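Below is one structure, written out as structure tokens; the observations come after it.
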Amino acid sequence: MSAPTANSRPLNIAIVGAGLGGLSAAIALRRQGHLVKVKFEVAIWDRQYIFKESFQVFEASLVNKEIGAAIGVPPNSMRVLEAFGYDQKNLRSCDYRGIVAYSADGGEGRTMLFKDQAKHYGRQGCLCHRTALHEELKRLALGEEGTGTPVQIFLGKEIANCDPEAGTLTSQAGETYEADVIIGADGIRSTMRTVVLGSSVVAPATNICAFRWTVDASKLEGRPELDWVLKDGVTGARLVGEADSGHIFLYPCQDATLINVTMMHPDTRDQDKHSWYSRVTREDVLREYKDFGPPFKAFIELAEDPINLWQLRAIPLLPTWIKARLALVGDAAHATFPTLGQGAAMAVEDSAALGCMLPYGTKPEEVPSRLAAYQDVRKARGEFVCIDSLEQITIPSKRGLFMRSEHMQDMLNGYDGIAVAQEHFHKTFIKF
Ligand SMILES: Cc1cc2nc3c(=O)[nH]c(=O)nc-3n(C[C@H](O)[C@H](O)[C@H](O)COP(=O)(O)OP(=O)(O)OC[C@H]3O[C@@H](n4cnc5c(N)ncnc54)[C@H](O)[C@@H]3O)c2cc1C
């Protein structure tokens, strides 16, 4: 490895996808100084920007808004977000201190407390709206403030192909772009994954799906039978029912003004003959959860149509995440179930590792070996989360293991993704 010289130049980096993973990668790489000479017009999000510089994020959608509802931000993710300069108050989050579990027929709630996260991991994990996290990442990627040069985002640019050796990308409309580094952050249905592997890997059907909806917390007021949702017990989540027959998992976000609900249950349809995402009604939800006790059905009654129905799928282990100048991050590499609440956290950690492997001064010809080091430091951890999230639903003896196992909580929440990646970088590339 050579130190930066007066002749060093920023790398030209293209990111495919501007979800939580793509934006995190953009921030990590911007902060390395690859964009110091970029200048651009002030962002109005839905407008096409006029830029002439080289740090690019290509996003298929025309309006880059995060969809879906809320998300847990565990301490390991927060640790990286802090290094990115995030401001937690912008997340309007609620603390995630534990779970109160109820059997579907009601009865006394059983409290499962996480380890004291502030004491053990230096920060308290939280729950927030996905949009709030996405907006905060956008602020850090696009803003004039902060280290490095603001990121340029092209909306409505679906990337159809790329040549990882040549470092070129082609959009659906036939436009071509060049880059020293290409990051595939294009989610569970990744096109870049097909390029890396040379063939398409589709996340297989699992026969598990989830209703997802949100409800305004003000609807709980004056309803003592619904005190179990927010008022009774630890600040955090509520779990009702069992994984194999169906359960309700809910938690607050937006300063506890909104409640996020995920209801996971077996999917009796042939999943491959249905869209991965569809809409249903409150009546459909009540029919599926007809055996749940009155306080839980009273809560479901608050749902407003339409309700989202998602198939839950996970990517099988891949032989590689990299090819020449192209690397996968986030769901493109390891999309999984929400069981451990670590999917986006893995995308954030992946991004931090990429930043560590590509400091300012990296030469274009060094990129493939740096991406190989990125894979070395990230693949085992990403795959562990991917497989275990799935198995903690599908293998009965593993259910609730995360809550029961302090070792697992430490391994996930206590991880310092930046320190581990930096150490790997030094061991691999710094020669004395
Ligand atoms: C029900 C549920 C609950 C979850 N809860 C949690 C949680 O509590 N904590 C947690 O850490 N994680 C959670 N996750 C996981 C988390 O949501 C994902 O891991 C994370 O959003 C992945 O981000 P990503 O950027 O990799 O992919 P995505 O968010 O899918 O983003 C991919 C982006 O790429 C764009 N794109 C796709 N193809 C192209 C193309 N060809 N060209 C250009 N752009 C393209 C898409 O428009 C999209 O914007 C949950 C997931 C689910 C389903």
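The values are calculated or read from the model by the stated rules, or taken from the named source; none is laboratory data. Keep in mind that what you see is a predicted model, and the values were worked out from it rather than measured. Neighbour counts run over all protein chains shown; Cβ positions are idealised from the backbone, glycine included. Note: accessible area is taken over every heavy atom of the protein model, side chains too, but ligands, DNA and RNA are not part of it. Shrake-Rupley method; radii C 1.70, N 1.55, O 1.52, S 1.80 Å.
Observations, loosely collected:
- From the list D227, D244, the lone residue that is of a type outside the set (A, V, I, L, M, F, W, C) and assigned to a loop (DSSP other than H, G, I, E, B) is D244.
- Counting the residues of region 135-173 that are at positive phi and at pLDDT below 90 gives 3.
- Residue satisfying all of: in region 138-161; closer than 20 Å to R92 by Cβ and touching a Phe, Trp or Tyr at 6+ places or on another chain (Cβ under 8 Å); surrounded by the most Cβ atoms within 10 Å (Cβ to Cβ) among these: L140
- All conditions in (1) within 25 Å of S275 (Cα to Cα); (2) open to solvent by 20 Å² or more (accessible area, probe 1.4 Å); (3) among the charged types (D, E, K, R); (4) modelled with pLDDT of 95 or more hold for R193, with the sole exception of (2).
- Qualifying residue in region 364-384 (condition: assigned to a helix (DSSP H, G or I), open to solvent by 10 Å² or more (accessible area, probe 1.4 Å) and either among the basic types (K, R) or near the ligand (Cβ under 10 Å from one of its atoms) (or both)): yes
- Among the criteria (1) closer than 29 Å to W310 by Cα; (2) within 14 Å of the ligand (Cβ to nearest atom), the one I182 does not fulfil is (1).
- Hey, L230 crowded, with 16+ Cβ neighbours inside 10 Å, farther than 24 Å from A314 by Cα and in contact with a Pro (Cβ under 9 Å, 6 or more places away or on another chain) or not: yes
- When region 254-288 is filtered for residues that are touching a His at 6+ places or on another chain (Cβ under 8 Å) and either closer than 25 Å to A205 by Cα or open to solvent by 80 Å² or more (accessible area, probe 1.4 Å) (or both), the ones remaining, listed by number, are N260, M263, M264, H265, E288.
- Selection status of L354, in a loop (DSSP other than H, G, I, E, B), at pLDDT 95 or above and not β-branched (V, I, T): no
- Qualifying positions in region 236-264 - in contact with a Phe, Trp or Tyr (Cβ under 8 Å, 6 or more places away or on another chain) and over 21 Å from T131 (Cα atoms): R238, L239, V240, G241, G246, I248, M264
- Lone unmet requirement of (1) within 12 Å of the ligand (Cβ to nearest atom); (2) free of Cβ contacts under 8 Å to residues at least 12 places away in the same chain for G198: (1)
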